[in-house]
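K.L.:
I am attaching a structure below and will ask some questions about it afterwards.
The values are calculated or read from the model by the stated rules, or taken from the named source; none is laboratory data. Just so it is clear, the model here is predicted, and its values are computed rather than measured. Methodologically, a virtual Cβ is constructed for each residue, glycine included, from the backbone with ideal geometry; neighbour enumeration extends over all protein chains shown. Heads up: the accessible areas ignore ligands, DNA and RNA and are worked out on the full protein's heavy atoms, side chains in. Shrake-Rupley method; radii C 1.70, N 1.55, O 1.52, S 1.80 Å.
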Amino acid sequence: MIGSDAPRVLFLTTSVPRDGETGGQIASWRVLRAYATFAQVDVLALTPPGAQVPPELSDLAHRVATVPVPGFYYQHARLRLLGTLARSQLGGLPYRIAKFYRPEARRIVADWAGQTDYALIHCDHLATTPYATRASGTPFVLADYDVESNELSSFAAAQSNPLSRAVLRREARRTRAAEGAAVARAARVFAVSEEDARLLSQDDPRLAEKISALPVPLPEADPVPRRPGSPFGLLVLGPLQAGGRLEGLRWLLSAVWPRVRAEHPDARLLVVGAGAPDEIRARDGRDGIEVRGFVEDLDAVLSEIDLCVMPLLSGGGIRIKILESLPRGVPCLGTEVAVRGFAGVPGVLEANAPDEWLAIVNDVVARPDEFRHAALAGAAALRPRFSLEATAAALELTLLPTAGR
């Protein structure tokens with residue numbers, strides 16, 4: 001139990017930290033748990049409308065506040081977010097920051113900072129960094145789980161519409177400038193991988209010494225036994241509100257899945273995650289595809305499948321699916337974008353062209369036990385670094401001395 005004399009940390013994030021749903025929520029929850037081993041933590045979360053605070057978060061944090069963001073998901077608020085994008089082109093804040101810049105959140109940060117002597121402000125994602133200025137004089141750390149300028153550049157390159165490509169390229173440049181400014185102001189910057197750390201310092205190598213990779217702890221999970229008699233199964237896991245993930249699923253369904261079914265007619269593709277649009281839900285029950293939406297019991301789903309697939313063509317992300325799958329004995333197959341930072345880890349497989357995807361799927365069909373053992377070996381190789389203790393040590397020993405403890 002943390003004593004009343006423990007340092008106080010203000011943890012700013014988007015969405016509600018919890019050990020489930022999106023990769024961002026899982027990453028935030030586990031980093032928050034690491035802080036809570038040595039500090040009292042207050043949490044302010046910018047959330048989708050109607051988001052609830054789970055009991056475990058209330059128990060872990062000293063206090064929690066949420067601020068709803070009406071246009072949180074593009075899929076549910078296209079007109080509102082297009083308006084935000086248009087207004088951001090005329091203002092000083094890039095779209096990704098303007099979307100989450102809420103007066104109520106500014107007021108809460110200022111009020112809490114006036115009441116509390118914080119040792120440190122933790123900013124999850126670039127979007128929360130402007131709030132750090134509401135607590136003047138308190139150092140902050142930026143945890144940049146995905147280099148958003150690189151993600152936008154990747155999205156821009158994938159656009160066929162010249163106007164969309166031009167807008168996204170401009171946003172990538174503006175976001176890159178905002179990232180550089182945030183990195184320069186931060187006491188410490190954490191990326192999800194060494195490659196992301198390199199991207200964050202590429203414009204100013206002098207900043208590299210304050211940037212390092214902060215591993216998101218692996219779950220304390222046991223291997224999941226394969227359900228006897230289940231046909232060969234692939235899993236696409238994660239919410240489908242994000243454009244990049246949906247774009248990749250469409251590619252998988254058109255370019256890869258028909259070829260898999262042609263060679264393995266009994267194979268199944270499970271699509272698990274909230275927010276599937278009508279076009280994806282309409283595929284449920286056809287061609288071996290099952291669209292299940294959000295599920296609470298991930299282990300039950302993993303017991304039915306042989307391979308977690310990540311068909312990400314552009315963008316970025318936290319690669320939480322790799323960390324969730326390997327300890328349970330499930331190998332992961334993804335594009336270069338999807339496995340960035342984990343290439344070469346046993347159980348993590350990379351393929352880009354449809355022929356490469358099909359070849360790896362055929363290998364897993366032929367030797368499933370070999371690939372399950374490789375996944376467990378990959379988790380064992382990652383665990384010394386990707387543990388709660390290692391994350392807590394990095395935060396406590398690196399950040400708090402920097403913050404003047």
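K.L.:
Considering only residues that are in a helix (DSSP H, G or I) and more than 21 Å from the chain's Cα centre (by Cα), which ones fall in region 115-130?
P.N.:
The one that is in a helix (DSSP H, G or I) and more than 21 Å from the chain's Cα centre (by Cα): 115.
K.L.:
Show the residue pairs meeting these rules: Cβ distance below 8 Å; 6+ apart or different chains; first residue within region 51-67 and at negative phi; second residue basic (Lys, Arg) and surrounded by 13 or more Cβ atoms within 10 Å (Cβ to Cβ).
P.N.:
Short answer, once both residue conditions are applied: 54/18; 56/18; 57/18; 60/33; 62/8; 67/102.
K.L.:
If you don't mind, another one. Within region 241-251, which residues are closer than 22 Å to residue 306 by Cβ and either assigned to a loop (DSSP other than H, G, I, E, B) or in contact with a strand residue (DSSP E or B) (Cβ under 7 Å, 6 or more places away or on another chain) (or both)?
P.N.:
Once the filter is applied, which keeps residues that are closer than 22 Å to residue 306 by Cβ and either assigned to a loop (DSSP other than H, G, I, E, B) or in contact with a strand residue (DSSP E or B) (Cβ under 7 Å, 6 or more places away or on another chain) (or both), region 241-251 yields only 249.
K.L.:
I've got another one for you. Restricting attention to region 294-317, does a residue exist that is among the charged types (D, E, K, R), modelled with pLDDT under 95, more than 19 Å from residue 361 (Cα to Cα) and touching a strand residue (DSSP E or B) at 6+ places or on another chain (Cβ under 8 Å)?
P.N.:
no
K.L.:
Only helices (runs of 4 or more DSSP H) wholly contained in region 141-236 count here; list those with 2 or more residues that are in contact with a Ser or Thr (Cβ under 6 Å, 6 or more places away or on another chain) and under 19 Å from residue 94 (Cα atoms).
P.N.:
Per the criteria, 148-157, 162-185.
K.L.:
Taking region 96-126 as the search range and keeping residues that are of a type in the set (Ser, Thr, Tyr) and surrounded by fewer than 22 Cβ atoms within 10 Å (Cβ to Cβ), which one is modelled with the lowest pLDDT?
P.N.:
This residue is 101.
K.L.:
Just give me the residues in region 323-336 being β-branched (Val, Ile, Thr) and either buried (at least 23 other Cβ atoms within 10 Å of the Cβ) or modelled with pLDDT of 95 or more (or both), in sequence order.
P.N.:
330
K.L.:
Looking at 221, 177, 182, which is the one that is surrounded by fewer than 21 Cβ atoms within 10 Å (Cβ to Cβ) and either more than 30 Å from residue 369 (Cβ to Cβ) or in contact with a strand residue (DSSP E or B) (Cβ under 8 Å, 6 or more places away or on another chain) (or both)?
P.N.:
Just one listed residue meets the conditions, 177.
K.L.:
Identify, by number, the condition in (1) assigned to a helix (DSSP H, G or I); (2) small (Gly, Ala, Ser); (3) within 22 Å of the chain's Cα centre (by Cα) that residue 374 doesn't meet.
P.N.:
(3)
K.L.:
Also, quick follow-up: Consider only pairs whose beta carbons are under 9 Å apart and that are at least six residues apart or on different chains; among these, list those whose first residue lies in region 337-356 and is open to solvent by less than 40 Å² (accessible area, probe 1.4 Å) and whose second residue is part of a loop (DSSP other than H, G, I, E, B) and among the aromatic types (Phe, Trp, Tyr).
P.N.:
If the second residue must be part of a loop (DSSP other than H, G, I, E, B) and among the aromatic types (Phe, Trp, Tyr), the pairs left are 348/342.
K.L.:
Among the residues of region 254-273, is there at least one that is more than 30 Å from residue 393 (Cβ to Cβ), surrounded by 14 or more Cβ atoms within 10 Å (Cβ to Cβ), at pLDDT 95 or above and in contact with a Cys (Cβ under 7 Å, 6 or more places away or on another chain)?
P.N.:
Among the residues of region 254-273, not one is more than 30 Å from residue 393 (Cβ to Cβ), surrounded by 14 or more Cβ atoms within 10 Å (Cβ to Cβ), at pLDDT 95 or above and in contact with a Cys (Cβ under 7 Å, 6 or more places away or on another chain), which makes the answer no.
Yes or no, residue by residue, for (1) basic (Lys, Arg); (2) closer than 19 Å to residue 263 by Cβ:
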| residue | (1), (2) |
| --- | --- |
| 308 | no, no |
| 313 | no, no |
| 328 | yes, no |
| 337 | no, no |
| 351 | no, yes |
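K.L.:
Do you know which residues across region 194-218 are open to solvent by less than 10 Å² (accessible area, probe 1.4 Å) and in contact with a Gly (Cβ under 9 Å, 6 or more places away or on another chain)?
P.N.:
Hits for region 194-218 are 196, 216.
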